[in-house]
């Protein structure tokens, strides 16, 4: 089961499974149908894009379980749910831009439908002050067009206009678009609900066709001290 | 080429490729060897764990290219590098905990080897104030044992002691460990360099064996308004 666009992406992998593909904005219906059939004993896979656990369907499944009082857990007589991780949209976007996510980062959705805008503004301000690389989800939709401009203004209070910015739409899918620009010029490019915008930190730089955030704040990379791989 | 532990994880996928597996703390040697052989015309794959682009090897490759003056890009006569995204450790950890990453989040490494501790403290403070779900990487190592305790103190300035915390070590590998606890008790559990600690936001809750962050700050989930899937 899943949103039609996402189910279509995995059709080549399907064999004889029953497929229930529905339209946008029917998430709750899908989740309730999936839970009802799973509760009746069927094995149901609910398909999400990117990582189902990152701004995806996983949370809604559990929120509905709570609201409906559906018992959970492999050890009880409850419903057994497995969450399968995936490549999050911002990680796919990062790989297409080079290596922008090498140091501490934040992800912020600019959709103010379920979150008051003042909370989103506060997060943008604090994330900029913290010098996080910032991943902006849901930068724009047909009905929401001013949030990305306001977000840029806030980021400019704490970050140079020359800060590298990557704009990736439909990462790894058909009609993928990848742009590397900077905070000054980022509004010149198209964005929609399938776009992730990655804003570098104060150390990020351009290198050839890539955007890079260095791994440390040391000026010299001292490998003897590194403990990560 | 890769760190021995990670190359061993993919041995079942290998056929007749030459394998160069080296020990820890030899990242720079590996990257230089990989770049030298690629520059000589060979096809080289450098293996990282999780997502190579998130606290991984991708950035070091580009930093070394810059330091060595190696030209890059498919359109020039430069070296052609493709970054292949993966499932980041914190996303794998999140999937094992339930749905902790449904809303805005930050990732912060507690390793102060390449980043001054005062920058890390500042990020912890601002991330807590912003009410991000917080993913802590590198919480502890043999030589670094106090940082996670100090991080907890900082988070407690802005978050309840009852805030859900997930501790996942070696996600999806042998000897995987998954613990759900809270800020008060989190230090009672073992952690090392292969551990990710996920600290919930002010709305996160426990549900059966899971940790969940709701998708919105609305008290009622209004599906009619949702635009994401």
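The values are calculated or read from the model by the stated rules, or taken from the named source; none is laboratory data. Worth saying up front: this structure is predicted, and the values here are computed from it rather than measured. Heads up, the Cβs are rebuilt from the backbone with ideal geometry, glycines too, and the neighbour counts pull from every protein chain shown.
Select, from A:42, A:32, the only residue that is without any contact (Cβ under 8 Å) to a residue 40 or more places away in the chain and more than 27 Å from the chain's Cα centre (by Cα). Show your work before the answer.
On the way: A:32 fails: more than 27 Å from the chain's Cα centre (by Cα).
Residue meeting the stated conditions: A:42.
Tell me, please, whether a residue that is at pLDDT 95 or above and more than 7 Å from every other protein chain (Cβ to nearest Cβ) can be found in segment B:67-76. No. Quick check: anything in segment B:105-113 part of a helix (DSSP H, G or I), modelled with pLDDT of 95 or more and under 13 Å from the mean Cα position of the chain (by Cα)? Within segment B:105-113 (the criterion being part of a helix (DSSP H, G or I), modelled with pLDDT of 95 or more and under 13 Å from the mean Cα position of the chain (by Cα)), the answer is no, since none of the residues qualifies.
Residues in segment A:122-148 that are under 18 Å from the mean Cα position of the chain (by Cα) and surrounded by fewer than 23 Cβ atoms within 10 Å (Cβ to Cβ) were compared, and the one that is farthest from the other protein chains (Cβ to nearest Cβ) is A:148. Residues in segment A:151-186 that are out of contact with any strand residue (DSSP E or B) (no Cβ under 9 Å at 6 or more places or on another chain) and exposed (fewer than 14 other Cβ atoms within 10 Å of the Cβ) were compared, and the one that is farthest from residue A:133 (Cα to Cα) is A:174.
Taken together, B:92, B:106 contain a single residue that is touching a strand residue (DSSP E or B) at 6+ places or on another chain (Cβ under 6 Å) and at the interface with chain A (Cβ under 7 Å from one of its Cβ atoms), which is B:106. Checking the structure you have, find out if any residue of segment B:30-51 is more than 8 Å from every other protein chain (Cβ to nearest Cβ), modelled with pLDDT under 95 and within 18 Å of residue B:137 (Cα to Cα). Among the residues of segment B:30-51, at least one is more than 8 Å from every other protein chain (Cβ to nearest Cβ), modelled with pLDDT under 95 and within 18 Å of residue B:137 (Cα to Cα), which makes the answer yes. The residue list A:23, A:53 contains one member that is within 30 Å of residue A:198 (Cβ to Cβ), touching a helix residue (DSSP H, G or I) at 6+ places or on another chain (Cβ under 7 Å) and surrounded by 13 or more Cβ atoms within 10 Å (Cβ to Cβ), which is A:53.
The single condition from (1) over 16 Å from the mean Cα position of the chain (by Cα); (2) at pLDDT below 95; (3) part of a loop (DSSP other than H, G, I, E, B); (4) within 27 Å of residue B:60 (Cα to Cα) that residue A:202 fails is (2). The residues of segment B:56-82 that are in contact (Cβ under 8 Å) with a residue 12 or more places away in the chain, surrounded by fewer than 22 Cβ atoms within 10 Å (Cβ to Cβ) and under 26 Å from the mean Cα position of the chain (by Cα) amount to a single one, B:64.
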